[in-house]
């Protein structure tokens, strides 16, 4: 087990260190080791004296060793925000988690994702809509993101898996806890065809106050949110709030005006959500009608230099000089590769010499 993982687990175990403070510590001192070896006075200025004392008293305890065994047995990756494998696009939101626990793999292609959300007490109709929408998204090469809760979430993940697509489940508990417990087989399937992730440390129970935090990651990983069924006051509405703050598109399915499970979605439409009655409408609005075959065909056409640049790009604009620094390449060489990608229809150039992936 890498010593840095034990050091990071130690920092995460100190309940007086908030996620924001942990991010500040890692930025200030560069690494978990740098935090632990920092002067107490400097640590105290950020997290207070009590937390600072706990930081510098680091030792590999039995509890940390037990967590290390879990990491190895469950094949969990512990990803700080600066690590390879941490989803770069998640860092575009405010208060992104400084550390993620991941089972499975988050791939660059998962940036093109749609969150499908809804009530735990979904109707048969709601679950079928969630399943069918997600299946169609998956067939078009779009990753489906949800929270693995009962009802709509479960149906959404299952729909993506049924179409041999990718799906990401964001937990409101530690990654070693399957909630609800009946979704254990589903959880294992998701690990093989996407990822199960959590920002919570091992053993964290699925407490009610965890889920609003979880919801910002569900929307943060996605290009847009589709609300299938929701009560007027629910976690769905909380996820939509996060999505709007993050500048994401919100779609909602109109429902029976007498059904409590449609009160929330009908209200969202009144307040400006985009009403949809098919997955194709969502895909068309987002410009994601491409199929897996079309996407694969385009990527096959890339040479090694083009693929390296393609993988470094995202749906968020990046300036040429920033990209050059990221890839440690001369701007002239990069510009030549970017122009080739643009001619192949893979990249769009925006004002100010910035570039984005093109999926149209």
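The values are calculated or read from the model by the stated rules, or taken from the named source; none is laboratory data. Computed from a prediction, not measured in an experiment: that's the story for all the values here. Because the Cβ atoms are built from the backbone with ideal geometry, glycine has one as well, and the counts that use them run over all protein chains shown.
Quick look at the numbers
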read-out: Scan of region 211-248 for residues that are closer than 18 Å to residue 265 by Cα and not in a helix (DSSP H, G or I), ordered by number; value: 224, 225, 226, 227, 228, 229, 230, 231, 232, 233, 234, 248
read-out: Test for residue 146: is it within 15 Å of residue 194 (Cα to Cα), touching a helix residue (DSSP H, G or I) at 6+ places or on another chain (Cβ under 6 Å) and modelled with pLDDT of 95 or more; value: yes
read-out: Unique match (being loosely packed, with under 15 Cβ neighbours inside 10 Å, free of Cβ contacts under 8 Å to residues at least 24 places away in the same chain, touching a helix residue (DSSP H, G or I) at 6+ places or on another chain (Cβ under 7 Å) and not assigned by TED's automatic domain parsing to the domain that holds residue 247) among 57, 33, 40, 44; value: 40
read-out: Subset of region 339-355 [under 14 Å from residue 323 (Cβ atoms) and assigned to a loop (DSSP other than H, G, I, E, B)]; value: 352, 353
read-out: Selection count, region 168-210, where residues are more than 20 Å from residue 134 (Cβ to Cβ), part of a loop (DSSP other than H, G, I, E, B) and under 12 Å from the mean Cα position of the chain (by Cα); value: 1
read-out: Qualifying residue in region 102-111 (condition: assigned to a helix (DSSP H, G or I), in contact (Cβ under 8 Å) with a residue 24 or more places away in the chain and surrounded by fewer than 20 Cβ atoms within 10 Å (Cβ to Cβ)); value: yes
read-out: Test: residue in region 72-86 that is in a helix (DSSP H, G or I) and in contact with a helix residue (DSSP H, G or I) (Cβ under 6 Å, 6 or more places away or on another chain); value: no
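For (1) under 21 Å from residue 75 (Cβ atoms); (2) outside any loop (DSSP other than H, G, I, E, B), each residue gets a yes or a no:
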| residue | (1), (2) |
| --- | --- |
| 6 | yes, yes |
| 9 | yes, yes |
| 15 | no, no |
| 20 | no, yes |
| 23 | no, yes |
| 27 | no, yes |
| 34 | no, yes |
| 41 | no, yes |
| 44 | no, yes |
